Amino acid sequence: MPDLLLELFSEEIPARMQARAAADLKARVTDGLVEAGLTYAGAVAHSTPRRLALSVQGLLADSPTVREDRKGPRVDAPEKALEGFLRATGLTRDQLEIRDDKKGQVYFATLEKPGRPAAEIVAEVVEQVVRHFPWPKSMRWGAGSLRWVRPLHSILCILTDDAGAETVDLEIDGLRAGDVTAGHRFMAPSHFSVTGFDDYEAKLKRAKVILSAEERADHIWVEAHNMAFAQGLEVVEDKALLAEVAGLVEWPVVLMGDIGAAFLDLPPEVLQTSMKEHQKFFSVRNPKTGQIEKFVTVANRETADDGATILAGNHKVLAARLSDAKFFWENDLRTVREIGLEGMAAGLETVTFHSKLGSQADRIKRISTLAREIAPLVGAKPDLAAEAARVVKADLQSEMVDEFPELQGIMGRYYAEAAGHDDGVPEACEEHYKPLGPGDDVPTGPVSVTVALADKIDMLTGFWAIDEKPTGSKDPFALRRAALGVIRLMLENAVRAHLSEVFVKGYAGADADDLLAFFHDRLKVHLRDEGIRHDVIDACIGMPGNDDLVLLVKRAEALATFLETDDGENLTQGFKRANNILTDEERKDGVEYSFGPDAKLAEAAEEKALFGALDAAEARIAPALAAEDFAAAMSAMADLRQPIDAFFEAVVVNAENQILRRNRLNLLHRIREICLKVADLRRIEG
């Protein structure tokens with residue numbers, strides 16, 4: 001069983017495309033091989049800046065011969081039907097077989113598709129994959145028609161078994177496959193032949209190429225960490241940057257350099273962002289001060305001077321970049337000290353938020369007004385919340401955020417501190433955007449929570465008012481994320497509020513009921529990740545106070561726990577039985593059996609016991625619900641399980657005596673009424 005080694009060697013592949021390209025190469029080649037009848041034992045793909053490589057182990061040497069019996073027309077069918085069948089199968093009449101079938105005798109054709117050598121199939125599959133590879137962007141070069149992400153220089157394609165290596169007979173747009181590749185562009189550019197994957201990987205490493213992206217990333221991180229640790233410093237972790245840098249080099253050489261003293265007073269976020277975005281440098285931090293003091297860069301080659309020349313060039317370029325950042329920082333601080341943060345925010349009058357929702361300044365006024373309303377619900381001072389709302393977006397007018405948009409909020413905190421704001425206002429500037437996703441931290445400071453809620457609720461009510469709601473997979477204004485942010489802010493900070501009332505205080509014209517339904521859908525998604533079923537949430541959404549998210553989730557959690565018990569499951573079935581009988585009989589009779597049942601009419605002991613159990617449960621459920629002790633309410637409801645079961649076993653509800661029948665149906669209504677005070681069990685599935 002041979003092994004396949006494929007390498008596509010080209011000019012530098014953009015780092016952001018490499019991992020996806022390796023996965024696509026593996027999937028498309030292996031899928032093609034399997035479709036052609038070649039199964040395999042395992043496959044692994046790799047990428048470096050200059051090559052995509054695929055190793056497929058344990059291929060079949062040949063595809064199996066396939067035989068197929070194809071049913072044709074009946075023997076007495078028209079001649080044209082037989083002629084069509086012969087054309088479709090490529091056989092003659094004397095090659096057909098007549099067999100007995102349910103409807104008489106019919107023609108059968110036995111078709112045989114002979115197996116083919118693996119090399120022949122590999123050549124076809126690889127050519128199709130290369131010609132139709134799904135690069136996000138591709139190019140043509142020279143006079144050929146082939147498109148690739150960058151000019152493709154060579155193709156290595158061999159099959160290796162115990163007898164040795166065989167080059168696959170493959171040519172694509174003038175590139176003939178061989179068993180040859182090249183090493184590092186600068187340190188080992190010579191070509192060499194290989195006999196299989198292990199030989200290929202080992203010779204590449206001797207030629208200064210680490211094939212595995214994961215190995216390159218690990219090497220970079222360990223070297224950088226060790227260099228920093230030796231000086232009492234630490235590297236700021238950045239997995240995305242690490243993956244990108246590992247895709248820029250075939251032979252990573254880690255170097256550490258100093259940041260000029262003139263730039264050390266810049267905020268660490270500014271240093272980190274500038275170095276990452278412009279230079280792909282890792283930041284090195286002093287854990288005692290939190291200040292960024294050095295940087296780590298990764299070269300693609302070893303040098304005789306141990307990287308001194310490379311570092312000198314990097315220092316020069318970095319100084320120019322950081323000089324720009326320092327200029328922006330000092331200009332912004334000067335502006336803030338002269339006119340204040342609200343003065344900086346005044347420029348937002350000319351910045352459109354949305355053509356139908358006004359400018360950013362208009363939006364800030366709305367957020368400030370709404371923050372005053374929300375503040376008491378969160379425990380924040382209304383004046384402080386309004387003050388924060390007026391300045392949280394001022395940094396959008398700063399030169400620093402104009403250069404680095406990802407620093408919005410962070411710079412707002414620095415500028416708010418410089419302008420003399422305190423009592424949670426600077427923190428609100430940074431945190432009011434949060435949470436940005438499911439894994440993002442949720443603010444806890446009262447002012448931050450207030451402004452974050454006001455910001456998101458203004459956005460939601462505004463877009464609801466102009467009928468710009470998410471549809472299907474389209475959500476251009478990230479309204480689902482905003483709703484989830486509100487949900488997490490309220491739940492994780494135990495904010496008790498009726499959302500319907502808050503929505504009315506937001507942007508005028510929003511349909512509060514429709515927006516609340518949207519929130520309930522988002523809540524289902526959120527709680528599903530917490531392990532609570534959607535039907536459990538539906539059963540609680542149907543209850544009063546469903547716009548108080550804390551209350552709603554508290555009820556849902558208690559119900560979910562209750563339903564996991566035998567009592568909960570059995571009571572639900574008993575409730576449904578009572579509800580179904582009652583619903584059917586009310587439909588037949590055209591009346592509602594909602595009058596109080598009379599205990600004096602109870603005959604069987606089980607019927608009398610149910611009356612007593614309902615009285616006892618109701619006496620416990622009412623105060624428990626008033627105290628929002630849903631666990632106690634459901635415990636009281638659980639006590640109804642046995643009396644309800646016993647009642648149905650011993651009593652015929654639809655008795656011939658109409659007085660007894662009506663009384664028992666009214667008794668079922670009381671069961672439904674008491675249970676529905678706790679949760680809408682009609683919505684529970686199963």
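So the values come out like this:
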item	result
Elements of type strands (runs of 3 or more DSSP E) in region 262-365, at least 1 residues being out of contact with any Lys or Arg (no Cβ under 6 Å at 6 or more places or on another chain) and among the acidic types (Asp, Glu)	292-299
Where Arg176 falls short, out of the listed (1) within 16 Å of Leu6 (Cβ to Cβ); (2) in contact with a strand residue (DSSP E or B) (Cβ under 7 Å, 6 or more places away or on another chain)	(2)
Boolean, Glu124 is outside any strand (DSSP E or B), out of contact with any Phe, Trp or Tyr (no Cβ under 7 Å at 6 or more places or on another chain) and not assigned by TED's automatic domain parsing to the domain that holds Leu33	no
Check on Tyr107, surrounded by 14 or more Cβ atoms within 10 Å (Cβ to Cβ), hydroxyl-bearing (Ser, Thr, Tyr) and without any contact (Cβ under 8 Å) to a residue 40 or more places away in the chain	yes
Test: Arg150 is touching a residue at least 60 places away in the same chain (Cβ under 8 Å), touching a strand residue (DSSP E or B) at 6+ places or on another chain (Cβ under 7 Å) and of a type in the set (D, E, K, R)	yes
Extreme residue, surrounded by the most Cβ atoms within 10 Å (Cβ to Cβ), among residues of region 273-314 that are among the acidic types (Asp, Glu) and on the phi < 0 side of the Ramachandran plot	Glu293
Some residue of region 106-119 being modelled with pLDDT under 90 and more than 27 Å from Pro64 (Cα to Cα)	yes
Unmet requirement for Leu318, which otherwise passes all of (1) touching a residue at least 12 places away in the same chain (Cβ under 8 Å); (2) closer than 23 Å to Glu430 by Cα; (3) not polar (S, T, N, Q)	(2)
Residue pairs meeting the criteria (Cβ under 9 Å; at least 6 apart or on separate chains; first over 15 Å from Gly485 (Cα atoms), in region 511-532; second polar (S, T, N, Q))	Ala512/Thr461; Ala512/Ser500; Asp513/Ser500
Positions within region 123-147 being of a type in the set (Phe, Trp, Tyr), in contact with a helix residue (DSSP H, G or I) (Cβ under 9 Å, 6 or more places away or on another chain) and either without any contact (Cβ under 8 Å) to a residue 60 or more places away in the chain or surrounded by fewer than 17 Cβ atoms within 10 Å (Cβ to Cβ) (or both), in sequence order	Trp135
Within region 315-325, considering residues that are within 39 Å of the chain's Cα centre (by Cα) and surrounded by fewer than 19 Cβ atoms within 10 Å (Cβ to Cβ), the one farthest from Arg390 (Cα to Cα)	His315
Near pairs, Cβ below 8 angstrom, 6+ apart or cross-chain, from region 552-573 (under 19 Å from Glu492 (Cβ atoms)) to any residue that is surrounded by fewer than 18 Cβ atoms within 10 Å (Cβ to Cβ) and not hydroxyl-bearing (Ser, Thr, Tyr)	Leu552/Gly545; Lys554/Glu628; Ala558/Ala631; Ala560/Gly531
Failed criterion for Ala165 (all others in (1) closer than 18 Å to Gly58 by Cβ; (2) touching a residue at least 60 places away in the same chain (Cβ under 8 Å); (3) assigned to a strand (DSSP E or B) hold)	(2)
Cβ-Cβ under 7 Å pairs, at least 6 apart or on other chains, region 353-366 side surrounded by fewer than 19 Cβ atoms within 10 Å (Cβ to Cβ), far side part of a strand (DSSP E or B) and among the β-branched types (Val, Ile, Thr)	Ser359/Thr352
Any hit, region 104-118, residues being assigned to a helix (DSSP H, G or I) and under 24 Å from Val180 (Cα atoms)	yes
Residue within region 559-581 that is of a type in the set (Gly, Ala, Ser), touching a Lys or Arg at 6+ places or on another chain (Cβ under 8 Å), crowded, with 17+ Cβ neighbours inside 10 Å and under 30 Å from Arg363 (Cα atoms) present	no
Tabulated pairs, region 471-493, first over 12 Å from Ala452 (Cα atoms), second of a type in the set (Gly, Ala, Ser), C-beta under 8 angstrom, 6+ apart or interchain	Arg481/Gly437
Test: Ala380 is in contact with a Ser or Thr (Cβ under 9 Å, 6 or more places away or on another chain), at pLDDT 95 or above and under 19 Å from Thr461 (Cβ atoms)	no
Residues located in region 208-241, provided they are in a loop (DSSP other than H, G, I, E, B) and either touching a strand residue (DSSP E or B) at 6+ places or on another chain (Cβ under 7 Å) or free of Cβ contacts under 8 Å to residues at least 12 places away in the same chain (or both)	Val209, Leu211, Ser212, Leu233, Val236, Glu237, Asp238
For Ile220: the one exception among (1) among the hydrophobic types (A, V, I, L, M, F, W, C); (2) modelled with pLDDT of 95 or more; (3) more than 27 Å from Glu7 (Cα to Cα)	(3)
Elements of type strands (runs of 3 or more DSSP E) in region 1-101, at least 2 residues being within 42 Å of the chain's Cα centre (by Cα) and within 28 Å of Val298 (Cβ to Cβ)	3-10, 42-48, 51-57
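Yes/no per residue for (1) within 19 Å of Arg682 (Cβ to Cβ); (2) small (Gly, Ala, Ser); (3) modelled with pLDDT under 90:
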{"residue": "Arg577", "(1), (2), (3)": "yes, no, no"}
{"residue": "Gly590", "(1), (2), (3)": "no, yes, no"}
{"residue": "Lys608", "(1), (2), (3)": "no, no, no"}
{"residue": "Ala616", "(1), (2), (3)": "no, yes, no"}
{"residue": "Ala627", "(1), (2), (3)": "no, yes, no"}
{"residue": "Ala633", "(1), (2), (3)": "yes, yes, no"}
{"residue": "Leu640", "(1), (2), (3)": "yes, no, no"}
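Quick grid of which residues meet (1) within 40 Å of the chain's Cα centre (by Cα); (2) at pLDDT 95 or above; (3) not charged (D, E, K, R):
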residue	(1), (2), (3)
Ser145	yes, no, yes
Cys157	yes, yes, yes
Asp161	no, no, no
Asp179	no, yes, no
Ser193	no, yes, yes
Val209	yes, yes, yes
His225	yes, yes, yes
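Condition check ((1) in contact with a strand residue (DSSP E or B) (Cβ under 7 Å, 6 or more places away or on another chain); (2) of a type in the set (Phe, Trp, Tyr); (3) outside the structural domain of Tyr200 (by TED's automatic domain parsing); (4) free of Cβ contacts under 8 Å to residues at least 12 places away in the same chain) across all residues:
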| site | (1), (2), (3), (4) |
| --- | --- |
| Lys26 | yes, no, no, no |
| Thr30 | yes, no, no, no |
| Ala43 | yes, no, no, no |
| Pro49 | no, no, no, no |
| Pro78 | no, no, yes, yes |
| Thr92 | no, no, yes, yes |
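The values are calculated or read from the model by the stated rules, or taken from the named source; none is laboratory data. Just so it is clear, the structure is predicted and the values come from calculations on it, not from any experiment. Every residue, glycine as well, gets a Cβ built from its backbone with ideal geometry; the counts of neighbours run over all protein chains shown.
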